[in-house]
Amino acid sequence: MLAIENLKAKIEDKEILKGLNLNIKPGEVHAIMGPNGSGKSTLSNILSGKKGYEVKGSVTFEGENLLDLETEERAHKGIFLAFQYPLEIPGVNTNTFLKTSINAIKKARGEKELDALEFLKLIKQKSAELKFDEKILSRQLNVGFSGGEKKKNEILQMSILNPKLSILDETDSGLDIDALRIVSEGVNSLRNKDNSFLIITHYQRLLDYIKPDFVHVLKDGQIIKSGNFELAKELEKVGYEDFN
Amino acid sequence: MDNRQKEIDNLKDYKYGFSTDIENTRAPKGLNEDVIKFISDIKKEPQWMLDFRLKAFERFKQLKEPNWQKPKYPKIDYQDLYYYSAPKSMDDKPKSLDELDPKLLETYKKLGIPLQEQARLNGIAVDAVFDSVSVATTFKEELTKQGIIFCPISEAIQKHPDLVKKYLGSVIPTTDHFFATLNSAVFTDGSFVYIPEGVKCPMELSTYFRINATETGQFERTLIIADKGSYVSYLEGCTAPMRDENQLHAANVELIALDDAEIKYSTVQNWYPGDKDGKGGIYNFVTKRGLCKGKNSKISWTQVETGSAITWKYPSCILKGDNSVGEFYSIAITNNHQKADTGTKMIHLGKNTKSKIISKGISAGYSDMMYRGLVDISSKAENSRNFTQCDSLLMGNKCGAHTIPYIKNKNLKSNIEHEATTSKISDEQLYYCNQRGLNQEEAISLIVNGFCKEVLQQLPMEFAVEAQKLVSISLEGSVG
């Protein structure tokens with residue numbers, strides 16, 4: 001599904017990714033762990049198409065050169081990024097945003113757009129599944145949301161858009177245990193043989209709820225070690241500093 | 001993708017920019033007594049109307065063109081303009097739409113304002129003003145049944161002289177400022193509305209102003225009177241062809257609300273804004289003033305200003321009646337080299353009067369936007385209140401936004417609140433929207449419409465969607 005080969009990225013002459021390789025097959029859950037400044041967020045930004053990076057190497061998504069696509073085209077193809085810091089958009093109702101988003105994607109795919117009623121039905125169902133307070137949806141997008149609400153809102157969007165590849169950028173940071181459980185359930189309910197996940201995190205904690213198939217350690221712009229869930233436990237014990 | 005690009009390109013063009021090739025009757029070029037007599041004569045006006053015009057012209061000759069506004073413009077040669085231009089076919093007034101020049105019908109059809117019976121907009125009566133003359137008014141008979149008068153002001157001068165005599169110039173006197181006085185001397189057409197006591201007007205009344213002729217100023221005059229306990233919602237729309245020259249539109253609009261009456265006046269102004277280098281476009285120098293004459297009366301202005309090279313106007317409310325209410329909701333958008341100096345004046349004279357100002361200014365490209373507003377609470381206006389909110393949104397870093405509130409409170413029992421914010425659409429916000437599948441234009445449209453929501457909600461339903469689209473279109477291509 002996703003193949004990253006020798007990916008290098010620079011921003012303002014500072015090299016952040018220094019030759020990263022990663023393969024994700026349909027249905028797999030990969031976790032990337034690493035210390036601050038190791039390039040975790042840069043990786044998620046480059047995959048989702050944030051501008052401002054000088055990128056070398058190759059990234060293919062379902063056989064297509066991902067780096068040639070605009071940010072929104074990547075979203076149309078089924079790439080979703082749960083933001084570490086979801087943006088506030090004053091005046092824009094959360095429901096309106098969600099409906100605009102899902103219909104933009106449907107339109108790009110040549111599918112029928114949802115009318116108000118169909119959308120309402122979908123959103124009711126998904127918020128019930130995620131125990132998401134529907135009242136929040138009538139508020140302005142992320143404005144005045146608590147940290148937990150923002151993150152849950154990201155997961156709700158993910159679950160509504162049902163992406164092929166979901167990238168979670170430190171979605172667990174700042175979450176209490178209840179919110180963490182909801183986030184994890186959101187991910188787990190979307191897990192199937194076609195959907196893949198790339199979970200970026202500092203801590204093993206989230207991985208206790210979402211058992212990843214693979215764990216990679218990112219340090220200084222490169223994946224220095226890959227393994228299974230056991231690797232995450234080992235990391236937690238040893239710490240990044242002494243991990244080689 | 002090709003189709004979408006085409007759609008965007010289509011939208012980016014000013015789609016009302018065409019002109020109608022039609023033979024005109026014009027007044028001789030220039031501004032003098034003879035031209036004023038010509039206008040009055042061609043409209044078959046009574047002597048008192050001509051006297052009103054000449055009195056204004058005497059005053060005009062003593063006035064100096066103001067120059068305190070932020071947007072400066074090259075000197076206008078008032079002798080080098082035509083003050084009257086109308087399709088020749090209107091010389092012998094057509095009695096019905098069947099007699100109307102098909103070219104005119106076609107023009108309005110192209111503008112999305114069908115005038116023919118079968119195609120009329122549902123529940124909206126339209127007065128169509130083409131250059132200096134009203135060419136048609138729809139739903140007239142239906143309205144007449146309820147005693148509502150909705151007709152061109154030139155017709156009202158002949159058929160309802162008592163009402164016109166009593167109210168014309170009662171809110172904007174002939175001795176007012178330069179442009180208003182000029183209008184009083186040379187105004188050509190516009191709408192007249194009278195809602196009788198206790199009547200709630202059953203449909204939206206609307207005037208569509210079209211500038212077509214070259215080198216012609218349009219001097220529109222509109223007068224709306226809501227008698228005791230009545231209600232009316234009125235909307236005006238404006239477009240003009242794309243031309244290299246700058247054209248002057250100097251309108252006077254007077255509203256009068258008697259006891260317990262309410263007037264809701266909405267504007268969707270989309271005059272040609274000039275090209276992307278700032279060449280051409282309309283100078284929109286307009287005086288709009290409402291008088292809440294009776295107790296418990298209410299006047300509400302809503303404006304969506306997206307067109308014109310320069311917009312310079314302050315739709316105002318004089319709150320004379322006790323407990324009267326004035327409202328001003330505004331969205332003003334400037335892009336490319338457009339300039340706007342707009343806002344409102346709320347003059348509190350009566351007791352317990354309330355006013356509310358919600359202004360949303362959006363500037364993009366190289367444009368410049370100014371909110372200028374006056375809130376004046378007189379010493380007798382006890383327990384009066386004003387709330388003002390001015391928000392500015394900047395796109396890019398070559399445009400400007402300014403806010404100048406003038407606040408005068410002469411009554412200790414009254415209070416004024418003013419809030420202002422300035423923000424910018426951030427790249428991060430756009431990235432977030434893009435990641436959710438919205439392209440750049442859709443993202444900007446969503447954010448901007450969110451920013452303007454409070455004002456868009458004030459528009460009559462039928463026009464809110466149109467206005468929302470207009471807001472998005474005006475900003476096409478403003479973020480690279």
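Every number here is computed from the coordinates shown, using simple stated rules; none is lab data. Small disclaimer: the values here were computed from a predicted structure and weren't measured. Cβ sites come from the backbone with ideal geometry, for glycine too, and all protein chains shown count toward neighbours.
Enter the Cα centre distance for the pair segment B:245-317 and segment B:152-228, rounded to the nearest angstrom.
Comparing the Cα centres of segment B:245-317 and segment B:152-228, I get a distance of 13 Å.
Compute the Cα gyration tensor for segment A:120-174, then decide on rounded, prolate or oblate, letting a ≥ b ≥ c be the square roots of its eigenvalues: rounded whenever a/c is under 1.5, prolate when a/b is larger than b/c in the other cases, and oblate in all that remain.
Numbers: a/c = 1.90, a/b = 1.05, b/c = 1.81.
Taking the square roots of the gyration eigenvalues as a ≥ b ≥ c, segment A:120-174 is oblate.
Please arrange B:THR181, A:THR96 by how many other C-beta atoms lie within 10 Å of their C-beta, fewest to most.
In increasing order of surrounding Cβ atoms, one gets A:THR96, B:THR181.
How big is the equivalent ellipsoid of segment B:230-351 along its three axes, where each semi-axis is √(5λ) from the Cα gyration tensor, reported in whole Å from largest to smallest?
Numbers: eigenvalues 198, 29, 21 Å².
Over the Cα atoms of segment B:230-351, the semi-axes work out to 31, 12, 10 Å.
Under a plain spin-label model, where a point goes 7 Å from the Cα along Cα-to-Cβ, how far apart in nm are B:LYS469 and B:GLN389?
Each label point lies 7 Å from its Cα, and together they span 2.8 nm.
Give me the Kirkwood hydrodynamic radius of segment B:132-244 in Å, from all C-alpha pairs, to one decimal place?
Details: mean 1/r = 0.0661 Å⁻¹.
Every distinct Cα pair counted, the radius reaches 15.1 Å.
Before rounding to the nearest 500, sum -39500 (n - 2.57) across all DSSP H runs of length at least 4 in chain B and divide by the residue total; then give [θ] at 222 nm in deg cm²/dmol.
Numbers: 11 runs with 114 residues, N = 480.
The helix contribution divided over chain B gives -7000 deg cm²/dmol.
Classify the protein assembly as shown: rounded, prolate or oblate, from the alpha-carbon gyration tensor (a ≥ b ≥ c, eigenvalue square roots; a/c under 1.5 rounded; otherwise prolate if a/b is larger than b/c)? List each step's numbers first, then the result.
On the way: a/c = 2.56, a/b = 2.24, b/c = 1.14.
Judged from the Cα gyration tensor, the protein assembly as shown comes out prolate (a/c at least 1.5, a/b above b/c).
Distance between the C-alpha centers of segment A:100-114 and segment B:351-415? Whole Å please.
Segment A:100-114 and segment B:351-415 have Cα centres separated by 41 Å.
Of the trypsin sites (Lys or Arg not before Pro) in segment B:134-169, which ones lie in a loop per DSSP and count no more than 13 other C-beta atoms within 10 Å?
B:LYS145
Could you tell me the center-to-center distance, by alpha carbons, between segment B:11-79 and segment A:140-172 in angstrom?
Each part's Cα centre sits 59 Å from the other's.
Out of the DSSP beta bridges found with both residues in segment A:121-239, what percent are antiparallel (nearest 5)? Write down the numbers at each step before the final one.
Details: 5 of 10 bridges.
Taking every DSSP beta bridge within segment A:121-239, about 50 percent pair in antiparallel fashion.
Can you compute the charge dipole magnitude of chain B about its Cα centre, using +1 on each Lys and Arg Cβ and -1 on each Asp and Glu Cβ, nothing else charged? Give it in debye, rounded to the nearest 20.
Rounded to the nearest 20 debye, it is 1520 debye.
In debye, nearest 20: dipole of segment B:111-247 around its Cα centre with unit charges on the Cβ of K, R (+) and D, E (-)?
Magnitude of the dipole: close to 380 debye.
From other protein chains only, count the Cβ atoms within 10 Å of every residue's Cβ in A:86-94, then give the mean. Mind dumping the intermediate values first?
Details: counts 1, 8, 4, 10, 9, 12, 9, 2, 0.
Mean partner shielding for this stretch: 6.
Shielding of A:67-77 by partners, i.e. mean partner chain Cβ atoms within 10 Å per residue?
On the way: counts 0, 0, 0, 3, 12, 10, 4, 3, 7, 2, 1.
If you average over the peptide's residues, the count of other-chain Cβ atoms is 4.
Just the number, please: percent antiparallel of the DSSP beta bridges in the protein assembly as shown, rounded to the nearest 5.
Given both bridge residues lie in the protein assembly as shown, the antiparallel proportion sits at roughly 20 percent.
Just checking the output field for B:423-435: average partner chain Cβ neighbours within 10 Å of each residue's Cβ? Numbers along the way, then the final one.
Values: counts 1, 0, 1, 3, 3, 5, 6, 3, 10, 12, 11, 11, 17.
Mean shielding by partner chains, rounded to a whole number: 6.
Determine by what factor the alpha-carbon radius of gyration of segment B:204-256 differs from 2.2 N^0.38 Å, reporting the quotient. Spell out each step's value before the answer.
Numbers: Rg = 14.2 Å, N = 53, 2.2 N^0.38 = 9.9 Å.
In units of the 2.2 N^0.38 Å rule of thumb, it is 1.42.
Using the Cα gyration tensor of chain B, with a ≥ b ≥ c the square roots of its eigenvalues, what is the shape: rounded (a/c below 1.5), prolate (a/b larger than b/c) or oblate (neither)?
Working: a/c = 1.44, a/b = 1.12, b/c = 1.28.
Rounded.
With the calculation restricted to Cα positions, what are the radius of gyration and Dmax of chain A in angstrom?
When restricted to Cα atoms, chain A yields Rg and Dmax of 17.7, 55 Å.
Can you tell me what share of the DSSP beta bridges in chain B is antiparallel? A percent to the nearest 5 is fine. Provide the component values of the computation, followed by the final result.
Working: 11 of 136 bridges.
Within chain B, antiparallel bridges account for around 10 percent of the total.
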